[in-house]
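What follows is a single structure, written as structure tokens, with notes after it.
Every number in this text was worked out from the coordinates using simple rules, so none of it is lab data. Computed from a predicted structure; not experimentally measured. Counting neighbours? That spans all protein chains shown, and the Cβs are built from the backbone with ideal geometry, glycine included.
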Ligand SMILES: Nc1ncnc2c1ncn2[C@@H]1O[C@H](COP(=O)(O)OP(=O)(O)OP(=O)(O)O)[C@@H](O)[C@H]1O
Ligand SMILES: [Mg+2]
């Protein structure tokens, strides 16, 4: 479903992705973790080309997204993206946030789009908030709306960049629950997160990134109990110490 | 000082038909509004396009808009007016020149010149406000818009501009008021707007103080109404959590 072939990316002189090779198959849930600044956000943002790359190829659902001839808008319409800071449209109601792109990008009619939006809001437990504005919601609620907004485009793949790290601890669970349901429904997902509970329970594979390279890939259980590389061990140690 | 105030002057006949001096003020106000409002609408459209251009990744578009702003902001308004009224017509194609200079009523050609002048001058200022509004938005907004498959035009239309315009309503309000005040330059090329009518009344009646007092009151009431209009617009589009909207 997603394939990275020897992907390199530079920000000026900074080599942030150093020959990444990775494959995510249909229906798979892959968690990406690694230290701050290791290139996780950059990596996931290259999938829908919010970041361009300098070398290599990325294929999504049989389309070479790094080919200049590829229609990026059409590609992005099929790839959902959930941001760390939600990025809901503050000037639109919850319902309008969800229906805007189905109506404008896919040409869906308004009534159908609203019906679909309400279905999705029910799934994320927020149907009663359809007329609220984003600023009137808690962080956890905003993120659930953002997930519904992504799903409204009926994507083939969902990408998540630290979806819970801007949330108060008591709201993390509600968002992870929605993501878990989504995974169980068979969605292909690539998730940057440090939520080890989620990785253990939901992920099919954990990918550890450091300094722009994939250092280790493993089944969550074996990654957490028996990491192979020193840097992965050190990362996990830091993650597990309460004072990190 | 021995001045005889006479507020009845406005109801005296001008000697032209049944016209009284107050009619001059009303017609002057009409021209002021006709100049400022039309120029404002054009300025808003051109200024918004330029403001968007300044934020595009396309370097050529961005520097064109930047150059425009520099040019129109740094040349005094009066100079611009004289250029549009006295100079530019001489460089028009011959047919257009004859039409502009001979076939049009002098009032109409003055009107066109002053509207073009004020619109292009104010567009430069609107451009800067629009650019500031767009740049004030979090980067995540454009990323979110692109991520759902919007093209650049849709992103501006549905996500960036509706937010940017809400942010810049206060500075746009003062540009809106400015264009009404600036419209008085039209009196210098013979368009009988409010200031020109005031001067003419003062000369015809020798009741200079009354004339200018009335003009002051009219400008003041006009400004207050425009401010009222803009704050009505602001309330109308207010959204909770954005720009002082209630939580
Ligand atoms: N737009 C940019 N311009 C220049 N450098 C950038 C840009 N975005 C990211 N970087 C740099 O690239 C490197 C990788 O950044 P990235 O955001 O991908 O890391 P990350 O793993 O997501 O980190 P975090 O856990 O803090 O989110 C960092 O050194 C960062 O400073
Ligand atoms: Mg990141």
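Is there a residue in region A:76-94 that is more than 9 Å from chain B (Cβ to nearest Cβ), buried (at least 21 other Cβ atoms within 10 Å of the Cβ) and under 20 Å from residue B:162 (Cα atoms)?
Within region A:76-94 (the criterion being more than 9 Å from chain B (Cβ to nearest Cβ), buried (at least 21 other Cβ atoms within 10 Å of the Cβ) and under 20 Å from residue B:162 (Cα atoms)), the answer is yes, since at least one residue qualifies.
List the residue pairs whose Cβ atoms are under 7 Å apart, where the first residue sits in region B:84-110 and is under 19 Å from residue B:192 (Cα atoms), the second is in a loop (DSSP other than H, G, I, E, B), and the two are 6 or more positions apart or on different chains.
Taking only residues 6 or more apart or on different chains, the pairs are B:100/B:92; B:106/B:190; B:107/B:191; B:110/B:190; B:110/B:191.
From the list A:172, A:214, exactly one residue is in contact with a strand residue (DSSP E or B) (Cβ under 8 Å, 6 or more places away or on another chain) and in contact (Cβ under 8 Å) with a residue 24 or more places away in the chain. Which is it?
Going through A:172, A:214 in turn, just one is in contact with a strand residue (DSSP E or B) (Cβ under 8 Å, 6 or more places away or on another chain) and in contact (Cβ under 8 Å) with a residue 24 or more places away in the chain: A:214.
Within region A:108-123, how many residues are more than 14 Å from chain B (Cβ to nearest Cβ) and either at positive phi or not in a helix (DSSP H, G or I) (or both)?
Counting residues in region A:108-123 that are more than 14 Å from chain B (Cβ to nearest Cβ) and either at positive phi or not in a helix (DSSP H, G or I) (or both) gives 1.
So that you can scan it fast, the table gives a plain yes or no per residue for (1) surrounded by fewer than 21 Cβ atoms within 10 Å (Cβ to Cβ); (2) within 16 Å of ligand 2 (Cβ to nearest atom); (3) within 10 Å of another protein chain (Cβ to nearest Cβ):
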site: A:41; (1), (2), (3): yes, yes, no
site: A:58; (1), (2), (3): no, no, no
site: A:61; (1), (2), (3): yes, no, no
site: A:70; (1), (2), (3): yes, no, no
site: A:73; (1), (2), (3): yes, no, yes
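Could you check region A:124-139 and list, in sequence order, the residues that are surrounded by fewer than 22 Cβ atoms within 10 Å (Cβ to Cβ) and part of a helix (DSSP H, G or I)?
A:127, A:128, A:129, A:135, A:136, A:139
Does region A:20-37 contain at least one residue that is within 14 Å of ligand 2 (Cβ to nearest atom), assigned to a loop (DSSP other than H, G, I, E, B), surrounded by fewer than 22 Cβ atoms within 10 Å (Cβ to Cβ) and on the phi > 0 side of the Ramachandran plot?
So far as region A:20-37 goes, yes, one or more of its residues are within 14 Å of ligand 2 (Cβ to nearest atom), assigned to a loop (DSSP other than H, G, I, E, B), surrounded by fewer than 22 Cβ atoms within 10 Å (Cβ to Cβ) and on the phi > 0 side of the Ramachandran plot.
Could you identify the single residue in A:124, A:157 that is within 15 Å of residue A:77 (Cβ to Cβ) and touching a residue at least 12 places away in the same chain (Cβ under 8 Å)?
A:157
What's the number of the only condition in (1) in contact with a helix residue (DSSP H, G or I) (Cβ under 7 Å, 6 or more places away or on another chain); (2) crowded, with 22+ Cβ neighbours inside 10 Å; (3) closer than 21 Å to residue A:42 by Cβ that residue A:212 fails to meet?
The number of the failed condition is (1).
Right, residue A:150: in contact with a helix residue (DSSP H, G or I) (Cβ under 9 Å, 6 or more places away or on another chain), surrounded by 23 or more Cβ atoms within 10 Å (Cβ to Cβ) and assigned to a helix (DSSP H, G or I) or not?
Judged against the criteria, residue A:150 is a match.
Look through region A:157-175, keep the residues that are crowded, with 22+ Cβ neighbours inside 10 Å and away from chain B (no Cβ under 14 Å), and return whichever of them is nearest to ligand 1 (Cβ to nearest atom).
A:164
Could you check how many residues of region A:159-176 are out of contact with any helix residue (DSSP H, G or I) (no Cβ under 7 Å at 6 or more places or on another chain) and assigned to a helix (DSSP H, G or I)?
4
Before we move on, is residue A:190 within 14 Å of another protein chain (Cβ to nearest Cβ), surrounded by 13 or more Cβ atoms within 10 Å (Cβ to Cβ), touching a residue at least 40 places away in the same chain (Cβ under 8 Å) and within 16 Å of ligand 1 (Cβ to nearest atom)?
yes
Can you list the helices (runs of 4 or more DSSP H) found entirely within region B:104-168 that contain at least 3 residues being crowded, with 22+ Cβ neighbours inside 10 Å?
B:106-135, B:139-147
Report whether or not residue B:186 is more than 10 Å from every other protein chain (Cβ to nearest Cβ), touching a helix residue (DSSP H, G or I) at 6+ places or on another chain (Cβ under 6 Å) and touching a residue at least 60 places away in the same chain (Cβ under 8 Å).
Here the answer is yes, as residue B:186 does meet what is asked.
Could you list all residues from region A:177-187 that are in contact (Cβ under 8 Å) with a residue 24 or more places away in the chain and either touching a helix residue (DSSP H, G or I) at 6+ places or on another chain (Cβ under 9 Å) or outside any loop (DSSP other than H, G, I, E, B) (or both)?
A:178, A:179, A:181, A:182, A:183, A:187
Collect the residues in region A:2-19 that are touching a strand residue (DSSP E or B) at 6+ places or on another chain (Cβ under 9 Å) and on the phi < 0 side of the Ramachandran plot, keeping them in residue-number order.
If the condition is that a residue be touching a strand residue (DSSP E or B) at 6+ places or on another chain (Cβ under 9 Å) and on the phi < 0 side of the Ramachandran plot, then A:2, A:3, A:4, A:5, A:7, A:8, A:9, A:10, A:15, A:16, A:17, A:18 are the ones that fit.
Please work out which residue is farthest from ligand 1 (Cβ to nearest atom), limiting yourself to region A:12-51 and to residues that are free of Cβ contacts under 8 Å to residues at least 24 places away in the same chain and over 22 Å from residue A:164 (Cα atoms).
So, considering only residues that are free of Cβ contacts under 8 Å to residues at least 24 places away in the same chain and over 22 Å from residue A:164 (Cα atoms), the one farthest from ligand 1 (Cβ to nearest atom) is A:23.
As an exercise: evaluate residue A:144 against (1) within 11 Å of chain B (Cβ to nearest Cβ); (2) surrounded by 19 or more Cβ atoms within 10 Å (Cβ to Cβ) and give the number of the one condition it does not meet.
Of everything listed in (1) within 11 Å of chain B (Cβ to nearest Cβ); (2) surrounded by 19 or more Cβ atoms within 10 Å (Cβ to Cβ), residue A:144 misses just condition (1).
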